[in-house]
1. If I take R0 = 30 Å and measure r between the Cβ atoms of residue 87 and residue 11 in this structure, what FRET efficiency does the formula 1/(1 + (r/R0)^6) give, to the nearest 0.05?
2. What stretch of the chain, leaving out the sites themselves, is the longest with no GluC sites (Glu not before Pro) in a DSSP loop having at most 15 other Cβ atoms within 10 Å?
3. State the Kirkwood hydrodynamic radius of the chain in Å, one decimal place, computed from all pairs of distinct Cα atoms.
4. Compute, for the chain, the length of the dipole vector about the Cα centre, with Cβ point charges of +1 (Lys, Arg) and -1 (Asp, Glu) only. Units Debye, rounded to 20.
Amino acid sequence: MVGMKPSGIHHVAICVDDAEKARAFYCDVLGLRQLKRHLHADGTLRSIWLDLEGPILMLEATEAAPRRVNGVGSGLFLIALCVDPTQRPLVEARLCQAGHEIESRTEWTSYARDPDGNRIAISSYRHELSGA
């Protein structure tokens with residue numbers, strides 16, 4: 001099918017042990033906005049959807065222990081969130097104040113972990129799209 005291709009990311013879903021704790025991290029520490037909450041038939045929390053200003057970050061409650069990836073591994077190994085370069089030190093400070101140390105940094109990106117050990121990146125790198 002010529003001309004048919006994906007046009008972007010619709011959502012990213014991650015499994016978390018405690019959806020409320022994860023929501024607090026992503027909303028209270030990183031400033032994302034909650035869009036929706038979904039419940040199981042028995043009324044327990046199934047997922048919380050957060051706004052990534054286009055795509056959605058879905059925090060899916062699970063009873064399975066999340067896997068911790070160190071470095072670059074197979075499968076999803078981090079979620080990189082955009083931040084204005086002037087705001088990166090402030091986001092780093094909020095992460096540290098909330099007990100989430102910065103594990104490493106590059107010129108453009110800072111790396112930390114969410115409450116479930118999922119690796120996150122706060123990046124101010126701007127992509128230059130080319131025809132290559």
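Taken together, the values in this text are just the output of simple stated rules run on the coordinates, not laboratory data. Predicted, not measured: the structure shown is a model, and the values here were computed from it. When we count neighbours, we look across all protein chains shown, and the Cβ atoms used for this are built from the backbone with ideal geometry, even at glycine.
1. Values: r = 24 Å, r/R0 = 0.80.
With R0 = 30 Å, the Cβ-Cβ based efficiency is 0.80.
2. It works out to 1-52.
3. One decimal place: 16.1 Å for the Kirkwood radius.
4. 220
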